[in-house]
Amino acid sequence: RGSQAHLEPARQVVMSALAGVAVPSARLARKSAPVRTRASRAVVRAATTTSAQGIVVVTDPSQEEIAKCTKWGTWGCEASTFPWTYGSAETCYLLAGEVTVTPDGGEPVSFKAGDIVTFPAGMSCVWDVKKAVKKHFNFH
């Protein structure tokens, strides 16, 4: 875990969104703080991140994590390309589709159906929807 300590704040944001509980900023500042819940351990196992952009992709979410996401609203669109700016953080669970998001001045991040993705507040990017998307979403 030592080499992945910088990922801890992003993992906590994902778990907070899934739990519907705000994460205190002091907790985020302590990068070495342990994650102790069973659901959190699942995210630690599965999460990958692009640290420069703060996008977290959970590629193998547990059934418990998915169940929480299915309570959120849904949104979808056909294959397209469009700019987007996040006024607040968003966590989404892709039911269908394939997407590549490129943050302004950053590297592209790709994700697909079955992934849980969290985007940071304030990020501007371009969405390139390769296959029509349907997702559950939650702004937090």
**Request:** May I ask you to list the residues in segment 104-140 that are buried (at least 20 other Cβ atoms within 10 Å of the Cβ) and more than 17 Å from residue 59 (Cβ to Cβ)?
**Result:** 125
**Fill in**
Cβ pairs under 6 Å, 6+ apart or interchain, first in segment 78-100 and on the phi < 0 side of the Ramachandran plot and modelled with pLDDT of 95 or more, second acidic (Asp, Glu) and open to solvent by 10 Å² or more (accessible area, probe 1.4 Å), ordered by first then second residue, are 81/128; 100/128
**Request:** For segment 86-106, name all the residues that are of a type in the set (Asp, Glu) and within 16 Å of the chain's Cα centre (by Cα).
**Result:** 90, 98
**Residues (surrounded by fewer than 17 Cβ atoms within 10 Å (Cβ to Cβ) and under 13 Å from the mean Cα position of the chain (by Cα)) located in segment 49-85** = 50, 51, 59, 60, 66
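The values are calculated or read from the model by the stated rules, or taken from the named source; none is laboratory data. Bear in mind that the values here come from a model prediction, so they are computed numbers and not experimental data. Positions of Cβ are backbone-derived with ideal geometry, glycine not excepted, and every protein chain shown enters the neighbour counts. Side chains included, ligands, DNA and RNA excluded: accessible areas come from the protein's heavy atoms. Shrake-Rupley method; radii C 1.70, N 1.55, O 1.52, S 1.80 Å.
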